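Some notes on the structure that comes next.
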Amino acid sequence: MKCAALTLAGMAVTSLMMVAWPNPGFAQLSDNEYVRQALAAGPEAVAKNAAVVRMEPDGSMRTVRQGTNEFTCLIMGTDRMCADRNSMEFMHALMHHEPPPDRLGFAYMLGGDVGPSGEVGGTCNSSPFATAKDADCHWVVTGPHIMLFGPPSKALGYPRTPDPDPSKPYMMWPNTPYEHAMVPVK
């Protein structure tokens, strides 16, 4: 079960890293520092037993640390995240342009859209497939937050505007199959 979850996590993260997120400087982090930074995305109670995976230069995923709970922590571009299995399946579907699973997923990003070296990230809220800021992109940077994935998150009734106020709950990628809730925690 854990092996299958990590394999799925690896597939999702590989796709995300190659398509959606630039790879700033985290490749230079030692494994110990990478683990520390990745685990900082979740609360201590979750992070202490989470698996940690890391993208290798050849695009493969390496498990840096085995986990004993259902969470996997990682760094994707400037995003540090601890995600449950359903969230990883959602991201896998996103990157393969497949329908997302009809299950609620949960992920922590307690570092917000700030990378391990303090670099500010963010994403285009107009399209889940945009890879850079441009004139058609509604760029949003969110502070520490949690994410709720999957169609059930749409029932929350949060704003679905392209230019949301990221200090309040909102829906990322509104009116797409990959719409999900962003809930600031600070």
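Sort out which residues of region 49-78 are at positive phi and either surrounded by fewer than 17 Cβ atoms within 10 Å (Cβ to Cβ) or hydroxyl-bearing (Ser, Thr, Tyr) (or both), and write them in order of number. Full working, then the answer.
Let us first name the residues in region 49-78 that are at positive phi, namely 59, 77.
Correct list: GLY59 only.
If you check HIS145, HIS138 for being in contact (Cβ under 8 Å) with a residue 12 or more places away in the chain and farther than 24 Å from ALA51 by Cα, only one passes: HIS138. Screening the candidates SER127, SER167, SER117, SER153 for the property of being surrounded by fewer than 16 Cβ atoms within 10 Å (Cβ to Cβ), polar (S, T, N, Q) and either modelled with pLDDT of 90 or more or touching a Phe, Trp or Tyr at 6+ places or on another chain (Cβ under 6 Å) (or both) yields one hit, SER167.
Test ASP84 against the criterion of being closer than 25 Å to PRO174 by Cβ, touching a Pro at 6+ places or on another chain (Cβ under 8 Å) and not polar (S, T, N, Q), and give yes or no. So ASP84 fails the test.
Please specify each residue of region 29-50 satisfying the condition of being outside any helix (DSSP H, G or I) and either within 19 Å of ASP113 (Cα to Cα) or in contact with an Asp or Glu (Cβ under 9 Å, 6 or more places away or on another chain) (or both).
First, pick out the residues of region 29-50 that are outside any helix (DSSP H, G or I): 29-30, 40-43, 48-50.
Correct list: LEU29, ALA40, ALA41, GLY42, PRO43, ALA50.
Pairing each residue of region 81-93 that is under 14 Å from PHE71 (Cβ atoms) with any residue that is of a type in the set (D, E, K, R), provided the two are 6+ apart or on different chains, yields C-beta distances under 6 Å for ASP84/GLU70; ARG85/GLU70; ASN86/ARG103.
The values are calculated or read from the model by the stated rules, or taken from the named source; none is laboratory data. Source: prediction; values computed, not measured. For neighbour counting, all protein chains shown are included, and Cβ atoms are generated from backbone atoms with ideal geometry for every residue, glycine included.
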